[in-house]
Amino acid sequence: MNLESSLDVLKGIGEKTRLTFAKAGIENLGDLLGHYPRAYERFEKPVAIRALAEGEIASVEAQLIDGIATRHVRGLSISTAMCSDGSDLLALTWFNMPYLRNTIRAGVPYVFRGRVKKKGQRLLIEQPAVFRVDQYAEMANELRPVYSLVKGLTGQMVQKAVRQVVSSKGLLREYLPLGIREEYQLAEYNFAVAQIHFPDDEHSLMLARHRLVFDEFFFFLLQLRSLKTKRETARSSLHIHPSQMAAKLLDSLPYELTNAQKKVWQTIRQEMQGDAVMARLIQGDVGSGKTIVAVLALVMAAESGYQGALMVPTEVLARQHYASITELMRQSGLPFETVLLTGSMTARQKREAYEKMESGEASIIVGTHALIQQKAVYRNLALVITDEQHRFGVRQREMLAQKGEMPHTIVMSATPIPRTLAVILYGDLDISVINEMPANRLPIKNCVVDTGFRRKAYEFIQGQVAEGHQAYVICPMVEESEAAEEAENVVEYTRKLQNALSTEVTIEYLHGKMKPSEKNEIMERFLTNEIQVLVSTTVVEVGVNVPNATVMMIENSERFGLAQLHQLRGRVGRGAAQSYCIFMHTLDGRQIRQRLDILCKSNDGFEIANRDMQLRGPGDLFGVRQSGMLDFTLADIYSDGDVLAQANEAVGELLRRDPGLVLPEHADLKARYELLVRQQGDQLNL
């Protein structure tokens, strides 16, 4: 039994259960151990109802006064009850749980746990967890893991499987050299894995997380150094000439580039003509005009007889880039054919694209991960561009580059990262920044409000739709979790919004668990204004350009990092009309307000990123994180910036002593590194 072993080596996991785990991306024991808790619950001593405060998560020991009443509203089952502990009354509400009428009896003491709300003058807990009194007493003061789940998979199933693995002897080999662990005070690996899932206390959890965050950064930077070494030792065999057609394209544009765009384009133009292999990062806020600079570079490569590829993270975005580049070629009278390649295309469409790529008929290729699949063969690839870089790993960038003979590379990122961290995270790249916005962009108007403003927000959205515009509403969750949380979720929220707005307004939801074809269909309909309000998780963070969308409303905004909130805000403000962003917070407090007010006062992503890093610290374990930042699961580049610096230092010293990791004491480390690289390739179906 090893980390690559299938889950069915564990007791109690048959074929059906294995397939259920697979839906959550858990295929083997390594995946299971890496499925870290997304939060922890501490079951503290129950409090009296009269002592409850709005907004807190609390437990009360109480009895139902009468039975549970259930009613049905538009397909939604709503169960309600009143309970008392002798000090006061508390209202309870459950959604889609009608069976509770037969399991919770009046007059019997239970412990009800959830977030306290206020409805009128009455305190209320929605969707409370219910425990027997003796059951709750056994869990008191423990830190219990809360996992991200899929339908059919329970937290208990995950816990049981993980306990089997961490209790196995000799399965988890320590791979970090003792010197590195002592230098950076890192916990032993077996301890870290056990404690991240089942922490004895908060101190043990901190030690475990520190070790695993270090590991994530460490292996990421090892890959980065490998890429950098290859590029530094290579010389370009390409012959890129000064581009008259890029100048022609510039002349045909209905606007003039900003000074920042001109400066970056001048740098790229010079480097592409040089004898070194260009590897450059273009950082710039959403809407700063990175894409047109990339298109100019693609035209320059094409004019010299080469091919250029642009890889983006979503199919809808790929199609939009393809359409806009094709139109630019037509308007400016340039002869370069552009082809599209995505996973959902038909076999015939893919075959036609492959033929044009391999023959060289296609000069510009736009697509998703399909660009790095084995069947994608290029005739003479000279330039590779990855858009929204924080969605692609080092391995994916490298694989696209390997499709040519050391092609030039441009990486684009709208993720605002402080320069001190960017020079580490993009250590193989030279960095250019586009820090000006086009003159025709109206600054987004922002406001930070609590839930008392929700009705007015809905009225405002209704008004914007009446004027012909569209709106996004962002929720942090897909559906109700097992934990007693207040976070709005897209499925239930969509129903609520459909009841609140006019029936003439088309409202749909979008989330990451939907099939790619479903997501594409929803985004296409939103793009064409068939959908006026899109309720979504953060999957729209990397979305399409919808100039008609003028409102971004973010629920539970306190649950997101400032940099991510800024990127979400960047989905609007792309057209001529004034745009607005509403940051709605459920929890209150001076610190929450202080953080969110930064967004009200600035639309500058880099200033916001620096403030975000200053405000947050390592004590924020699982509260506010940048979801999906780079390839990291636990690590957060803002609150873990000090660990990133340590890992960078450790990698540098290690490779100085043993560049090829050939020393005997590094055998386990090399094996672990090769396993991770191999798994990344497997995940890409290569």
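Derivation of every value follows stated rules applied to the coordinates shown; laboratory data play no part. Everything quoted here is computed from the prediction, not taken from an experiment. Note: ideal-geometry Cβ built from the backbone for every residue, glycine included; neighbour counts use all protein chains shown.
A straight chain from Asp251 to Glu174 at 0.36 nm per residue would run longer than the Cα-Cα distance by 21.7 nm.
In this simple spin-label model, placing a label point 7 Å from the Cα along the Cα-to-Cβ direction at both Asp604 and Arg678 gives a separation of 4.9 nm. Classification of the range 234-434 by its C-alpha gyration tensor yields a rounded form. The axis ratio a/c (a ≥ b ≥ c) stays under 1.5.
Once the Cβ-Cβ distance between Gln266 and Ala39 is put in as r, and R0 is 60 Å, what FRET efficiency do you end up with, to the nearest 0.05? With a Förster radius of 60 Å, E is 0.80. Take the Cβ atoms of Ala106 and Lys151, set R0 to 22 Å, and the FRET efficiency comes out at 0.10. Computed from phi, the 3J(HN,Hα) profile of the range 663-672 under the Karplus parametrisation 6.51, -1.76, 1.60 (θ = phi - 60°) reads 5, x, 6, 10, 4, 5, 5, 5, 4, 5 Hz, with x in place of Gly and Pro. With both residues required to sit in the range 234-434, DSSP beta bridges show an antiparallel share near 5%.
Rounded to the nearest 20 debye, the dipole size of the range 289-413 about its Cα centre is 280 debye, using +1 on the Cβ of Lys and Arg and -1 on the Cβ of Asp and Glu.
Past 29 Å, Cα to Cα, is the threshold; run Lys248/Lys519; Lys262/Lys350; Lys228/Lys290; Lys151/Lys496; Lys230/Lys375 against it and keep the listed order. With Cα atoms farther than 29 Å apart: Lys248/Lys519; Lys262/Lys350. Each of Thr415, Thr506 has some number of other Cβ atoms within 10 Å of its Cβ, and from fewest to most they run Thr506, Thr415. Sequence-distant contacts, meaning Cα pairs under 8 Å at least 6 residues apart, place the relative contact order of the chain at 13 percent.
When only Cα pairs below 8 angstrom with a gap of at least 6 residues are kept, the range 234-434 shows a relative contact order of 31 percent.
For the range 80-85, putting each phi into the Karplus relation 6.51 cos²θ - 1.76 cosθ + 1.60 with θ = phi - 60° gives couplings of 10, 7, 10, 10, 9, 10 Hz, in residue order, rounded to whole numbers and with x for Gly and Pro. Taking the number of Cβ atoms within 10 Å of each Cβ as an exposure proxy, the fewest-first ranking of Tyr36, Tyr378 is Tyr36, Tyr378. Here Lys601 is the anchor, and the lysines within straight C-alpha reach of less than 20 Å, apart from those fewer than 8 places off in the same chain, are Lys445. Identify the chymotrypsin sites (Phe, Trp or Tyr not before Pro) of the range 242-315 meeting these criteria: DSSP loop state and at most 12 other C-beta atoms within 10 Å of the C-beta. Loop-located and lightly packed - Tyr255. With an a/c value of 1.5 or above and a/b not larger than b/c for the gyration tensor axes a ≥ b ≥ c computed over the alpha-carbon atoms, the chain is described as oblate. Would you mind classifying the range 570-610 by shape? Square roots of the alpha carbon gyration tensor eigenvalues, ordered a ≥ b ≥ c; an a/c under 1.5 is rounded, otherwise it is prolate if a/b is larger than b/c and oblate if not. Cα axes put the range 570-610 in the oblate bin. The calculated FRET efficiency for Ser77 paired with Gln578, based on their beta-carbon distance and R0 = 30 Å, is about 0.10.
Which residue, chosen from Ala576, Leu565, Gln591, occupies the Cα position most advanced towards the positive end of the dipole of the range 521-611, where the dipole is computed from +1 (Lys, Arg) and -1 (Asp, Glu) charges on Cβ about the Cα centre? Of the candidates, Gln591 comes out farthest on the positive side.
Computed extension length for Leu89-Ser237: 45.4 nm, one decimal, from 0.36 nm per residue of separation with the Cα-Cα distance subtracted. Other residues with beta-carbon under 13 Å from the beta-carbon of Ser84 carry, at +1 per Lys or Arg and -1 per Asp or Glu, a net charge of -2.
Just the number, please: percent antiparallel of the DSSP beta bridges in the chain, rounded to the nearest 5.
40 percent
Listed by Cβ neighbour count within 10 Å, with the fewest neighbours leading, Cys83, Cys581 appear as Cys83, Cys581. Each part reduced to its alpha carbon centroid, the range 29-69 and the range 545-590 end up 30 Å apart. Helices in the chain, meaning DSSP H runs of at least 4 residues, each add -39500 (n - 2.57). Divided by all residues, the mean residue ellipticity at 222 nm is -12000 deg cm²/dmol. Normalising the average separation of contacting C-alpha pairs (under 8 angstrom, six or more residues apart) by the number of residues puts the relative contact order of the range 445-615 at 29 percent.
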